[in-house]
């Protein structure tokens, strides 16, 4: 049933990604995140996933005094820090042929909000919590009687009479 309903990771993932390389500056990564309204960037060598860089990685690895700096000063500092030096190595990932439910389980298990989608080491996309929720909601819409608890299955919230 999951295959028929478009409930595979490959059907819900984002394919058009911004990525960075390990030798890129964290300043460049931060600019990409800001401009793309992103919380994380896959780190690749060619198309091979080698890590993940998140906003949390950046702030957790900056000196505590950096919080007192302005944006321009932080950017100047980050120009001299490489992505490879602070990225998360071997991030949890999911196969494009896995179910969205498996992706949700992995996110929960690893306490992450997104998973790189990888096939034989090659980055194929990324799936986020929002993608998973959208997929599960689509599944509920297609299932007869799968409305909210206590409803008649029509999504109205009213019990069937």
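Values for this structure:
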{"item": "Residues (under 13 Å from the mean Cα position of the chain (by Cα), over 18 Å from residue 33 (Cβ atoms) and in a loop (DSSP other than H, G, I, E, B)) located in the range 74-129", "result": "92, 93, 111"}
{"item": "Every residue from the range 11-34 that is part of a loop (DSSP other than H, G, I, E, B) and either touching a helix residue (DSSP H, G or I) at 6+ places or on another chain (Cβ under 7 Å) or more than 15 Å from residue 127 (Cβ to Cβ) (or both)", "result": "13, 18, 19, 21, 22, 23, 24"}
{"item": "Residues (under 26 Å from residue 45 (Cα atoms) and at pLDDT 80 or above) located in the range 55-73", "result": "55, 56, 57, 58, 59, 60, 61"}
{"item": "In the range 39-68, the residues that are in a loop (DSSP other than H, G, I, E, B) and either touching a helix residue (DSSP H, G or I) at 6+ places or on another chain (Cβ under 7 Å) or buried (at least 19 other Cβ atoms within 10 Å of the Cβ) (or both)", "result": "39"}
{"item": "Which numbered condition residue 6 misses (of (1) at pLDDT below 95; (2) on the phi < 0 side of the Ramachandran plot)", "result": "(2)"}
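The values are calculated or read from the model by the stated rules, or taken from the named source; none is laboratory data. These figures come from a predicted structure and were not determined experimentally. Using ideal geometry, Cβ is built from the backbone for each residue, glycine included, and neighbour counts are taken over all protein chains shown.
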